[in-house]
1. In the full protein assembly as shown, how much of Leu247 is accessible to a 1.4 Å probe, in Å² to the nearest 10?
2. With Kirkwood's inverse mean 1/r over C-alpha pairs for Rh, give me the Rg to Rh ratio of the range 54-195, two decimals please.
3. How many nm is it between the label spots at Val125 and Ser38, if each spot is 7 Å from the Cα in line with the beta carbon?
4. At q = 0.27 Å⁻¹, what base-10 log of I(q)/I(0) does the Debye formula yield for the range 127-180 when every alpha carbon is treated as an equal point scatterer in vacuo?
5. How much accessible area does Tyr136 have with a 1.4 Å probe, in Å² rounded to the nearest 10?
6. How many percent of the accessible area of the range 9-255 is carbon or sulfur, using a 1.4 Å probe?
7. State, as an integer percentage, the relative contact order of the range 1-157 based on alpha-carbon contacts under 8 Å between residues 6 or more apart.
8. Quote the Stokes-Einstein diffusion coefficient, in whole µm² s⁻¹, for the chain, based on the Kirkwood radius over alpha carbon pairs, a temperature of 4 °C and a viscosity of 1.567 mPa s.
Amino acid sequence: MHVAHHATPLDWLPFLLVVLVTSQYLAAVWLQRTSGASWSLWRCGFFLTGSALLAIAFWPSLMAWAHGSLVGHMTLHLLIGMFAPLFWVLAAPMTLLLRTLPQAGGRAVAALLQSRFVRTVSHPVTALVLNVGGMYVLYLTPLYAASLENPLLHYAIHLHFLLAGYLFCWAILAEPDASPHRLSLHFRLGVLFTAIATHSLLGKLMYGYGWPRNTGHSLEEVQAAAQLMYYGGDLAEVLLAVVLLTLWLRRPVKRREGLWSKKPNAA
């Protein structure tokens, strides 16, 4: 059996970072509203919901539980990499940042968002590879077993899934923060359905072949985690599809027509 990890003072760092980022978001909202500008309370609610999910996932006792339990690990993975990023994307943090920073800082952020690097990683196909591809690498190679013995690798994997999950949700929705790409709804739905299929396939591979291996987890626990990934991942991705279609239907009809069949390579 794998020996459970006990929480250390360093384990509070991810939780405290979530608190810090959330306080900065709320401070920026306060600056907007006190300066006479408006900011949607719905967006505040979305950000707070995402932060609450991350705070739960990063609570040290839950992190310790997830370190010794594959079911716990998968629960936190769903919160960190799939559900929380969707709510943060809906909160439009980049738009808020651009509206809050001084002019020079705003130009620097805008230039970064239009850079080749951001354009590459924010493309739906690239985001799919980083997000779902990262899961294949983690669970079908010795990487997960190595993360149980290396705290820095353990935290790096959580950070990767948070960022990859955020990029994927942003790439599929392409709003409310403006995306560098103007891709058709057909194309983005196709990428999302590919993600659903490949994610489900990974759950089946884990269930049928007992991956990840050499971790000290029983086959029953691996299969329970695989089922959680299968059904929990489907739920998160269906929710993303519902949000995408809802945002689409809220567009003026003329704008819908303009992006319905636009070629995927258009920017």
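The values are calculated or read from the model by the stated rules, or taken from the named source; none is laboratory data. Given the structure is predicted, the values throughout are model-derived calculations rather than measurements. For neighbour counting, all protein chains shown are included, and Cβ atoms are generated from backbone atoms with ideal geometry for every residue, glycine included. Ligands, DNA and RNA are stripped out before the accessible areas are found, and what is left, the full protein with its side chains, is counted by its heavy atoms. Shrake-Rupley method; radii C 1.70, N 1.55, O 1.52, S 1.80 Å.
1. For Leu247, the solvent-accessible surface is approximately 30 Å².
2. Numbers: Rg = 16.5 Å, Rh = 16.3 Å.
Ratio of gyration radius to Kirkwood radius: 1.01.
3. 4.0
4. Normalising to I(0) and taking log10 leaves -1.00.
5. The value for Tyr136 is about 60 Å².
6. Working: 8360 of 11690 Å².
Heavy-atom surface of the range 9-255 belonging to carbon and sulfur, 1.4 Å probe: 72 percent.
7. Details: 116 pairs, mean separation 34.5, N = 157.
In percent, rounded to a whole number, it is 22.
8. Numbers: Rh = 19.6 Å.
Translational diffusion coefficient: 66 µm²/s.
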